[in-house]
Amino acid sequence: GTIANSNSAAANQSDTKNEKIPSSPSENSNITVKKTKLKSVKQTNANKVKIKWKRNTSADGYQIQYAAKKSFKKAKTININKNKTIQKTIKKLKKNKKYYFRIRSVKKINNQKYYSAWSNVKKVKMKK
């Protein structure tokens with residue numbers, strides 16, 4: 001009985017290894033995406049903020065997150081699918097409120113998205 005169990009366990013392990021290989025090829029498993037640097041976050045008028053970041057030549061796009069809480073709970077995410085874009089205006093923000101912003105790079109390989117670590121967080125206090 002114990003021999004059959006060890007064989008079936010070994011068979012299960014080899015099955016899971018075989019399943020993993022096609023979904024994420026070994027060359028993709030070590031992909032690191034370079035972090036994007038957030039340059040500035042400035043209020044442009046009563047309810048708009050302009051975000052600027054340093055272009056990441058190795059990225060295919062970016063993901064911006066902003067929230068009213070430092071923990072980024074209930075954060076809104078904006079996807080930018082162009083590498084050449086280096087600024088974005090965010091509208092419909094509330095006056096007299098603090099907002100926190102961060103950005104990360106997105107790299108797309110074989111229809112799979114890979115993300116960098118989040119950038120430094122920048123804070124803006126909205127004025128009237």
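Quick notes on this structure:
- Residues that are part of a strand (DSSP E or B) and either open to solvent by 50 Å² or more (accessible area, probe 1.4 Å) or of a type in the set (A, V, I, L, M, F, W, C) (or both), drawn from the range 105-125: 106, 107, 108, 109, 112, 113, 115, 122, 123, 124, 125
- Pairs where the first residue, in the range 104-120, is on the phi > 0 side of the Ramachandran plot and the second is surrounded by fewer than 16 Cβ atoms within 10 Å (Cβ to Cβ) and not aromatic (Phe, Trp, Tyr), C-beta under 8 Å, 6+ apart: 110/25; 110/28
- Among the residues examined, residue 40 qualifies as of a type in the set (Gly, Ala, Ser), over 30 Å from residue 30 (Cβ atoms) and touching a strand residue (DSSP E or B) at 6+ places or on another chain (Cβ under 6 Å).
- Test: residue 58 is surrounded by 11 or more Cβ atoms within 10 Å (Cβ to Cβ) and part of a strand (DSSP E or B): no
- Selection status of residue 39, open to solvent by 50 Å² or more (accessible area, probe 1.4 Å), modelled with pLDDT of 90 or more, assigned to a strand (DSSP E or B) and in contact with a Phe, Trp or Tyr (Cβ under 8 Å, 6 or more places away or on another chain): yes
- Taken over the range 61-85, the criterion of being closer than 15 Å to residue 115 by Cα and of a type in the set (Ser, Thr, Tyr) is satisfied by 62, 77.
- Residue 14 vs. criteria closer than 17 Å to residue 116 by Cβ, at pLDDT below 95, open to solvent by 50 Å² or more (accessible area, probe 1.4 Å) and not basic (Lys, Arg): no
- Screening residue 78 on (1) under 15 Å from the mean Cα position of the chain (by Cα); (2) loosely packed, with under 12 Cβ neighbours inside 10 Å; (3) closer than 28 Å to residue 128 by Cα shows it passes everything except condition (2).
- Contacts under 6 angstrom Cβ, first residue in the range 79-99 being within 15 Å of residue 51 (Cβ to Cβ), partner open to solvent by 90 Å² or more (accessible area, probe 1.4 Å) and outside any strand (DSSP E or B), 6 or more apart: 86/55
- Candidate set: the range 82-104, residues that are polar (S, T, N, Q) and at pLDDT below 95; chosen: the one most open to solvent (accessible area, probe 1.4 Å): 96
The values are calculated or read from the model by the stated rules, or taken from the named source; none is laboratory data. Since we're looking at a predicted model, the values are computed, not measured. We place every Cβ from the backbone using ideal geometry, glycine too, and count neighbours over all the protein chains shown. Each accessible area value is taken on the protein alone, full model and side chains, heavy atoms only, with ligands, DNA and RNA left out. Shrake-Rupley method; radii C 1.70, N 1.55, O 1.52, S 1.80 Å.
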